[in-house]
1. PRE reach from Glu118 (point 7 Å along Cα→Cβ): which of segment 189-208 fall under 19 Å by backbone N?
2. Suppose the chain between Thr12 and Leu63 were pulled fully straight at 0.36 nm per residue; how much longer would it get relative to their current alpha carbon spacing?
3. Keeping all protein chains in place and using 1.4 angstrom, which order do Met384, Met208 fall into by accessible surface area, from largest down?
4. Where does helix 333-361 land angle-wise versus the long Cα axis of the chain, in degrees 0 to 90, nearest 10?
5. Report the accessible area of His112, computed with a 1.4 Å probe over the heavy atoms of all protein chains in place, in Å² rounded to the nearest 10.
6. Summing +1 for each Lys or Arg and -1 for each Asp or Glu, what net charge is found among the other residues whose Cβ lies under 10 Å from the Cβ of Gly382?
7. Once the Cα atoms of helix 499-508 and of the chain are each reduced to a long axis, what angle between those two axes, in degrees from 0 to 90 to the nearest 10, is obtained?
8. Ranked highest first by average number of other Cβ atoms within 10 Å, how do 435-443, 170-178, 65-73, 291-299 line up?
Amino acid sequence: MQTVVLGTTGTTAEDVIAVARRDARVEIGEDAVAALAAAREIVDALAAKPEPVYGVSTGFGALATRHIGPELRAQLQRNIVRSHAAGMGPRVEREVVRALMFLRLKTVCSGHTGVRPEVAQTMADVLNAGITPVVHEYGSLGCSGDLAPLSHCALTLMGEGDAEAADGTVRPAGELLAEHGITPVELREKEGLALLNGTDGMLGMLVMALADLDVLYKSADVTAALSLEALLGTAKVLAPELHAIRPHPGQAASAANMAAVLAGSGLTGHHQDDAPRVQDAYSVRCAPQVAGAGRDTLAYARTVAERELAAAVDNPVVLPDGRVESNGNFHGAPVAYVLDFLAIAAADLGSITERRTDRLLDKNRSHGLPPFLADDAGVDSGLMIAQYTQAALVSELKRLAVPASADSIPSSAMQEDHVSMGWSAARKLRTAVANLRRVIAVELYAATRAIELREGLTPAPASRAVIAAVREAGVQGPGPDRYLAPDLAAADAFVSEGLLVTAVEGATGVALA
């Protein structure tokens, strides 16, 4: 089993995905243990003083004006967790909760939160035991951290609330901790607040979306190339010298990917044959420009994620000089913006993908393909309704592209009067990523069938490899009408598992950019 060691300087996207999706083991490095102990000494010293310090000896948010005596501080920390664990709605996916917990532990290990080493170790123990707190869809405004989601995780550390065992059953958290020999934590000054105050949920979802979209943008380049080939289009528009004079790196990468797929094709270059056309339609000719702009958006979002992965997000924070200072670093705006930006790019990529599929199915624009790619048009409907499904997904993508971060709603008696809505942006992006994958799968289904219907012409070696692989995966080729949902599901799984990219790279010997 892979092991991820957390130190004081943050973590990587690869480590987040390893813990969230592959159950990698988490260990706390010696430097982090030392930093945790040093910061705790500062908090303990401040707690012993008569002067109130926010988060240590005061209430929270709009209640921060009350000084809390030593005899009530443990109760205060328990109460903030219990009262803030107020989420509602469906359960959040296991991988999201594991990413959330791991990223909160990442900040705790920075030594800027004042949490004791034993609390951090309990967080690692819960992750390693495969215990996943029950977290609900609604409860975060993306400011002062993902409060409700993180509170449900902290509740599990206290042995309260419900959690999911490694076998998928949901049971009382106290029972699960006991089975694994984990002692519930008794929170002390500042610790309850420190466990709740971060952008960890939205950041975890951003990291996983970036990994998924990296595969989907490569997959979209492949399906765009297959559609160009099926439509007997020209590959001349992919020439690197054309893209060099408009030097957007994503555009050049997409064009290079498409060119690699089409190398050696006997179908391209026939646009001047029986039905001559000067140029291919925008959805074909401009595929690198649209997908490339999305790729550049991914690059910017990745930069934001890397900065946030290196950050210590809490309020107040413990500084090396001994000060404990309030701040606004918990505000989710940097992450929220790129989550929304990615949803916009996904919607546009889905839109241009659907236009190519529709072109393949329309006998007036497909340059000789049968209507709807049907076996016996009229008796058979072919892929008519597969395109309806794709269109419905694209319409939903457009709705999901409406930014959440443009909204704000005040809370906490107007103390928290401007919030990021980053959690909401992340939740809708997860849906957008899944829908985009399905849209690409429909184009894959249509384009491979269309290529096979071009009798007498030889597809590119990469295209042949894709067709062979997708057929082996259970996606059937041309023929009379049949129950289509299983075929579409198989195509979706083929894209989701990265097999489309693998098939191309195996045929070309070149890694897609």
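The values are calculated or read from the model by the stated rules, or taken from the named source; none is laboratory data. Just so you know, these numbers come straight off a predicted model, no measurement behind them. Here the Cβ is made from the backbone with ideal geometry for all residues, glycine too, and neighbour counts use every protein chain on show. These area figures cover heavy atoms from the full protein model, side chains too; ligands, DNA and RNA do not enter into them. Shrake-Rupley method; radii C 1.70, N 1.55, O 1.52, S 1.80 Å.
1. What the label zone holds, given the 19 Å backbone N cut-off, is 189-195.
2. 14.8 nm
3. Highest to lowest solvent-accessible surface, that is Met384, Met208.
4. It works out to around 20 degrees.
5. Answer for His112: close to 60 Å² accessible.
6. Working: positive: Arg449; negative: Asp375, Asp376, Asp380, Asp481.
Net of charged neighbours comes to -3.
7. Rounded to the nearest ten degrees, it is 60.
8. On the way: 435-443: 26.7, 170-178: 17.7, 65-73: 11.8, 291-299: 21.3.
For the peptides 435-443, 170-178, 65-73, 291-299, the packing ranking is 435-443, 291-299, 170-178, 65-73.
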